[in-house]
Amino acid sequence: MYSFIEGNAGSWPVHTLCAVLGLSRSAYYGWLSGSRDVNKREEEAERLVLEAFQEHRRRYGVRRLVAELKAQGVEMGAHKVRLVLRKHGLKAIQPRSFVPRTTDSRHP
């Protein structure tokens, strides 16, 4: 759609084309200024989160994944990691709490 606006910008005002197509002008100008690689960066970030999640056998939650990615040199916030996990329906496996079971040797 953005390429359509770019092609017809000489015939019609950009704000009119954006309004007709239901797009914001700021999104069009952001696309025009070179943020066309946003999808590639998003896919790369998503891939890194999923790899770290599987690498730690689905035990790491959002906080630990953010720390892991930071250790790898990837700056990503907790909200973004949470969105990626939720998008793929992934949830960290919570270990059961340890409760010692002892034998009752004083039974009647």
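Values quoted throughout were computed directly from the atomic coordinates according to the rules given, and no laboratory measurement underlies them. All values derive from a computational prediction rather than experimental measurement. Ideal geometry is used to build each Cβ from the backbone, glycine not excepted, and the neighbour counts take in all protein chains shown.
The figures follow:
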quantity: Debye, to nearest 20: dipole size of segment 38-87, +1 on Lys, Arg Cβ, -1 on Asp, Glu Cβ; calculated: 300 debye
quantity: Average Cα contact separation per residue, the chain, under 8 Å, 6 or more apart, as relative contact order %; calculated: 18 percent
quantity: Among Q72, M1, S11 the positive-end extreme of the charge dipole of segment 1-94 (Cβ point charges); calculated: Q72
quantity: Positive dipole terminus of the chain, leading residue within P100, H88, A45 (C-beta point charges); calculated: P100
quantity: Base-10 log of normalised Debye intensity for the chain (one unit scatterer per alpha-carbon) at q = 0.14, 0.17 Å⁻¹; calculated: -0.74, -0.84
quantity: Per-selection metrics, segment 38-87 (Cα): Rg and Dmax in Å; calculated: 9.8, 29
quantity: Extension reserve of the E55-T103 stretch, reckoned as 0.36 nm per residue once the Cα distance is removed; calculated: 13.4 nm
